Amino acid sequence: MINAIRLKEEFLELVSIASLSRRERAVSRRLESILKGMGAGVEADDAGERIGGDTGNMLARFPGNTPGAPPLLLSAHMDTVGPAEAIHVVVDGDIIRTDHTSVLGGDDKTGIVAILEAIRVARERSIPHGDIEVVLTICEEFGLLGAKHFDTSRLRARRGLVLDVDGVCELVTRAPAANRVNVTLHGLAAHAGVCPEQGLDAVHMAAEAIAGMKLGRVDGETTANLGVIQGGLASNIVPDRVTIRGETRSLSLDKLERQTAHRRGRFEAAAARSVRIGDRVHQARADVQVERQYEPLQIGDQAVIVRLVREAARALGRICPTRATGGASDANIFAARGLEVANLACGMREIHTVNEWVDIRDVVLTAELVLETIRLNAAA
Ligand SMILES: [Zn+2]
């Protein structure tokens, strides 16, 4: 029932509109006009102003046609990672990619067009449905900032789907929580040739701490990374300061806290040193800042939304397995606010690279899954 030609044309139009995080205004204007043309009431919020962007999150409401049918949330994000100042799209039949000078932005415009086309067909064919609430967020790729600033109390839906995963016909029901861990090691500067024993070497402390640290894939549920390290002033000065920015993620909150404590302990142990100069003792110090970036997504296979999607897949002669991922999405934010949401794969491939590509047939299948889920939700 999905109109593959219409979907493909809409996808090609939307990916050709650049929409880097905090600069989603052009694509949001276009989407607003598309959604209004489809009969939705559309509101933007002030999240853009609050996070330094040029437009807000968009909430579009489509009234249901079936009394008593429960409302459904469908969500995707409007922003993309870079490079994406200008997108030169290359079309090879159903395979869409770029000329490799930018990402395609199929992350997450595959999700957007799958939602739009499913709703269009549901309304054209008078398929039974409750109210449909479409949330198109800004700034997902930058710390899920749009969703974090979206007021979920505006939603009537208690369950729904985020469409924002690579692959097709898979449902992500588990995604990690994350802690940002930023560390500053404070030592003491001294002349490296004349009196190095009067210094406290912050680079050496960092090296000691990191050498014994669990990093990378810590276990089946947990990852840890140190992404940025900076410090020192000159080769002839004992370095008195090193900053390290990193993160740790886990599907298990318990493991997340253990890994975070492990990292803190390594830095604090390495900084447990001092030097006496005259009658004064200088103590090194590790300043460890931990901030929870987002809570985990954890939804059981018996949840209504999961059952609906798997039933929808069966109706199409497919199987839609559930799985975990190591990446977060707006679904983490909606779930933490009490909504029953899962994240449906929508056909994007090799995302966050200039090799990104999409097979339109995967997006069509995704739209069919969404349409069938809309229909099944009406009777749920
Ligand atoms: Zn995405």
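Computed over protein heavy atoms with a 1.4 Å probe, the accessible surface of segment 33-113 works out to 37 Å² per residue. Among L104, L215, L163, the residue with the largest mean-square fluctuation in a Gaussian network model of the chain, with springs joining Cα atoms closer than 10 Å, is L215.
A dipole drawn for segment 254-380 from +1 and -1 charges on Cβ atoms has a positive end, and of N377, P296, H352 the residue lying farthest that way is P296.
Applied to segment 9-23, the Karplus parametrisation 6.51 cos²θ - 1.76 cosθ + 1.60 on θ = phi - 60° returns per-residue 3J(HN,Hα) values of 4, 5, 4, 4, 5, 5, 5, 7, 9, 4, 8, 4, 3, 6, 10 Hz, with x for Gly and Pro.
Set the Förster distance to 25 Å, then compute FRET efficiency between A211 and H352 from the Cβ-Cβ distance, nearest 0.05. That pair, A211 with H352, gives E of 0.25. Averaging Cα coordinates gives a centre for segment 106-174 and one for segment 15-63; these two points are 13 Å apart.
What's the carbon and sulfur percent of the chain's accessible surface, probe 1.4 angstrom, rounded to a whole number? C and S atoms contribute 48 percent here. Packing around the peptides 50-58, 198-206, taken as the average count of other Cβ atoms within 10 Å per residue, puts them in this order, highest first: 198-206, 50-58. Multiplying the residue separation of D219 and S235 by 0.36 nm and removing their Cα-Cα distance gives an extension gain of 2.0 nm. Ranking M38, M348 by solvent-accessible area of protein heavy atoms (1.4 Å probe, all protein chains present), from largest to smallest, gives M38, M348.
A simple spin-label model places the labels of A4 and R361 0.7 nm from each other, with each point 7 Å out along Cα-to-Cβ. Here's the list of aspartates and glutamates a cross-link from K255 could span, going by alpha-carbon distance under 18 Å and ignoring same-chain residues fewer than 8 apart: D219, E221, E247, E291, E295. In a simple Cβ point-charge model (Lys, Arg +1; Asp, Glu -1; nothing else charged), segment 171-301 has a dipole of about 20 debye relative to its Cα centre. For segment 115-132, 3J(HN,Hα) computed residue by residue from phi via the Karplus equation (6.51, -1.76, 1.60; θ = phi - 60°) reads 5, 4, 5, 4, 5, 4, 5, 4, 7, 4, 9, 6, 5, x, 7, x, 4, 10 Hz, glycine and proline entered as x. The packing ranking, built from the mean of other Cβ atoms within 10 Å per residue, places the peptides 262-269, 164-171, 40-47 in the order 164-171, 262-269, 40-47, highest first. Between A272 and T66, the contour length at 0.36 nm per residue exceeds the alpha carbon distance by 67.4 nm.
Given the options V306, V358, V90, state which has the largest fluctuation in a GNM of the chain using a 10 Å cut-off (strictly under) for Cα springs. In this elastic network of the chain, the residue with the biggest mean-square fluctuation among V306, V358, V90 is V90. Pairs from the list K148/K214; K109/K214; K36/K109 with a Cα-Cα gap above 28 Å: K148/K214; K109/K214.
The values are calculated or read from the model by the stated rules, or taken from the named source; none is laboratory data. Values in this document were obtained by computation on a predicted structure and should not be read as measured data. Because the Cβ atoms are built from the backbone with ideal geometry, glycine has one as well, and the counts that use them run over all protein chains shown. Ligands, DNA and RNA are excluded from the accessible area calculation, which covers all protein heavy atoms including side chains. Shrake-Rupley method; radii C 1.70, N 1.55, O 1.52, S 1.80 Å.
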